[in-house]
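The values are calculated or read from the model by the stated rules, or taken from the named source; none is laboratory data. Quick caveat: nothing in here was measured; it's all calculated off a predicted structure. Quick reminder, even Gly has a Cβ in these numbers, built from the backbone with ideal geometry, and neighbours come from all protein chains shown.
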């Protein structure tokens with residue numbers, strides 16, 4: 001398949017590392033101009049330097065700002081005002097016993113994992129609808145469907161993100177704009193490595209720690225390994241393209257077969 005995003009501007013939130021960084025690289029490789037977002041200007045500039053080296057492209061926009069706040073979101077939209085592809089990737093996760101999750105933690109997870117996406121959709125969707133073309137992608141998780149006991153608050157926030165996706169897809173019905181979620185399975189990032197070592201013996205070499213984590217905490221995975229960020233990015237690039245014009249309102253799985261269901 002030939003995916004050509006030349007002439008499109010994309011914004012990937014939380015794209016200075018991990019899955020967001022991989023998606024930014026994938027979109028740039030397909031020809032898009034990509035706005036890179038993080039809270040600090042220095043981390044954004046460093047990420048853009050790495051992206052230029054990895055992609056051999058110079059089509060990047062620095063869009064720093066904390067999108068969990070109105071001021072930060074405004075800063076981002078001013079840096080990248082004309083966005084055709086919005087990827088809401090920003091998210092946090094962590095393990096906490098269910099009965100020990102405080103009200104403050106619940107609010108934080110919804111602010112970061114749900115409301116930041118809503119805020120950015122509100123900012124960009126109207127212009128997409130006026131142009132009769134646009135792509136909104138929300139990076140969800142298998143935890144939205146299979147709520148993990150060690151991080152209930154995270155799972156519930158990602159369930160909410162699936163509902164946000166379906167609702168805004170209905171709002172964009174018939175306009176040429178698609179709105180989808182990607183259900184990402186357990187993915188190999190620096191943050192996940194730290195998370196794995198919170199749950200297994202921190203003295204284990206990484207390969208052994210990963211295997212023990214998958215066996216004990218993610219036994220439903222059919223891949224039986226962590227997914228690489230580039231594998232999530234491949235799906236994001238496809239859904240951002242004209243080739244995915246009939247896919248909207250969906251929760252598209254890139255979960256390594258983790259969710260034990262024939263739907264979604």
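Where the second residue is surrounded by fewer than 23 Cβ atoms within 10 Å (Cβ to Cβ) and at pLDDT below 95 and the first is over 19 Å from residue 177 (Cβ atoms) and lies in segment 1-24, which pairs have Cβ atoms under 7 Å and are six or more apart or on separate chains? Final answer for the pair search is 17/190; 18/189; 18/190; 18/191; 19/189. In this structure, residue 140 qualifies as within 27 Å of residue 221 (Cα to Cα), modelled with pLDDT of 95 or more and in contact with a helix residue (DSSP H, G or I) (Cβ under 9 Å, 6 or more places away or on another chain).
Can you go through 165, 254 and tell me which one is surrounded by 15 or more Cβ atoms within 10 Å (Cβ to Cβ), closer than 30 Å to residue 131 by Cβ, outside the structural domain of residue 28 (by TED's automatic domain parsing) and in contact (Cβ under 8 Å) with a residue 60 or more places away in the chain?
Working: 165 fails: outside the structural domain of residue 28 (by TED's automatic domain parsing).
Within the list 165, 254, the selection yields 254.
Going by the structure shown, is residue 120 in contact (Cβ under 8 Å) with a residue 24 or more places away in the chain and touching a strand residue (DSSP E or B) at 6+ places or on another chain (Cβ under 8 Å)? It is true that residue 120 is in contact (Cβ under 8 Å) with a residue 24 or more places away in the chain and touching a strand residue (DSSP E or B) at 6+ places or on another chain (Cβ under 8 Å).
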